[in-house]
1. Can you give the accessible area of Tyr71 in Å² (nearest 10), computed on protein heavy atoms with a 1.4 Å probe?
2. Considering only protein heavy atoms, with the full assembly of protein chains and a 1.4 angstrom probe, order Ile56, Ile47, Ile81 by accessible area, largest first.
3. Just by accessible area at a 1.4 angstrom probe, what is the order of Lys55, Lys75 from largest to smallest?
4. Can you list the residues, at least 5 places off or on another chain, whose amide H is less than 5 Å from the amide H of Val74, using H built in the peptide plane?
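The values are calculated or read from the model by the stated rules, or taken from the named source; none is laboratory data. The shown structure was predicted, so the numbers you read here are calculated from the model rather than taken from an experiment. These area figures cover heavy atoms from the full protein model, side chains too; ligands, DNA and RNA do not enter into them. Shrake-Rupley method; radii C 1.70, N 1.55, O 1.52, S 1.80 Å.
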Amino acid sequence: MADPASRLTPSSDFTFDSDRVAAFLRTLESMAAGQLAEARGAYPQAIEQYNKALKINPNHLQTLYRLGMVYVQVKQFPDAI
């Protein structure tokens, strides 16, 4: 029977891409800043933060959704689509 601790050791084909992790964390940081600004009603700042997150990861679905919702709040409907 295999040692259970061996499952905790990364396999030889496991690679840690610190740049990807850093980009992911920067996306989440900007997303969170956008959510905070949105909750405070500071829509221009929310738009700025969401766009900052999307520059890092243009396919981040939560950010795309929140940005669209903010554009609806400020009645910029063409930008919301």
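1. 30
2. Ile81, Ile56, Ile47
3. Lys55, Lys75
4. none
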